[in-house]
Ligand code: OGA
Ligand code: MN
């Protein structure tokens, strides 16, 4: 059966059915998945029945999978290094009470794109629900292509060729973490154009996120005000929708033409177990052994923004 994609907004988001993602897919089926992604930016596959291994195997069809940073002696909750842990759980599967871990996850409640703070960005993120709260815990998505297209021409002209400066620690600071700006300045930042042509669709899109700290060549205050304005513009109701999760649901989003954020839920009482693979932009399907910049980036990171260390020490 071919892939059936039912749009959520006219040009953004689709509920997809018709493919069994637990089985190896043919080249034609993979093409159907990427075509739907190019058109809609976010695709929802309900009740997939995917295991961790199948989740990773399916994700490899789209390129090199980023690996979770490793730390000597650290125990991991999840069995595969390609699985990023987006849960509120400790390594033993209990609800975490660690302030640093909670703080880190709060950053996900801001509108963002995954790994915008890395030199090589993430293209697809594939998030699979293993356990969901009774209430809340939805994920929100915003259409940065349509939002760009609707900007006044003079704003488009102004943004052309502007470069955004992106930092992981900036987004954590914005979410309330106690990090001095000097400390952020001393750490790695990634430069990405604020506007780029989305490869799969040829449509122009904004690339901004909670990680975007400054705009090169603009005074800090002005640049930050513009970033805030653009995020507000992109996240108006006509560009956004939310996904209510059930166990087994998989959502794939293209970070290069969307933003997302997590919704609230009772973090201290309800378990929410979400696992994510992320594809590095510009890599070929099934690429296996590339460098591992995440481990390096996190190696000298303050505990307030290091989920792995928080998990080990705050268990
Ligand atoms: C993520 C993320 C939000 C959520 O996994 O990248 O932002 O709702 N998740 O879990
Ligand atoms: Mn995210």
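Summarising the label geometry, the points placed 7 Å from Cα in the beta-carbon direction at residue 92 and residue 15 lie 4.1 nm from one another. For region 1-140, the Kirkwood radius over C-alpha pairs fed into Stokes-Einstein at 25 °C and 0.890 mPa s yields D = 144 µm² per second.
Taken over the alpha carbons of region 68-191 as equal point scatterers, the Debye sum produces base-10 log I(q)/I(0) values at 0.17 Å⁻¹ of -1.19.
The mean sequence distance of close C-alpha pairs (under 8 Å, at least 6 residues apart), as a share of the length of the chain, puts its relative contact order at 34 percent. A simple spin-label model places pseudo-atoms 7 Å from Cα toward Cβ; at residue 264 and residue 286 they are separated by 4.7 nm. Go ahead and run the numbers for FRET between residue 160 and residue 39, Cβ-Cβ distance against an R0 of 25 Å, rounding to 0.05. Using R0 = 25 Å, I get an efficiency of 0.50. Listed peptides 81-87, 30-36 appear in the order 81-87, 30-36 once ranked by packing, highest mean of other Cβ atoms within 10 Å at the front. The label point for residue 99 and the one for residue 299, both projected 7 Å from the Cα toward the Cβ, are 2.9 nm apart.
Tell me the relative contact order for region 130-267 as a rounded percent, counting alpha carbon contacts under 8 Å between residues six or more apart. That works out to 46 percent.
Between residue 180 and residue 140, the C-beta separation translates, for a Förster distance of 22 Å, into a calculated FRET efficiency of about 0.15. The protection proxy used here, the mean number of other Cβ atoms lying within 10 Å of each residue, ranks peptides 284-291, 15-22 as follows, highest first: 15-22, 284-291.
Note that the chain shows a convex hull volume over its alpha carbon atoms of 127 Å³ per residue.
Based on Cα atoms of region 30-107, Rg over Rh with Rh as the Kirkwood radius reads 1.03.
No value in this document is a laboratory result; all are computed from the given coordinates. Note that the structure is a prediction, hence the values are computed from the model and not measured. Because the Cβ atoms are built from the backbone with ideal geometry, glycine has one as well, and the counts that use them run over all protein chains shown.
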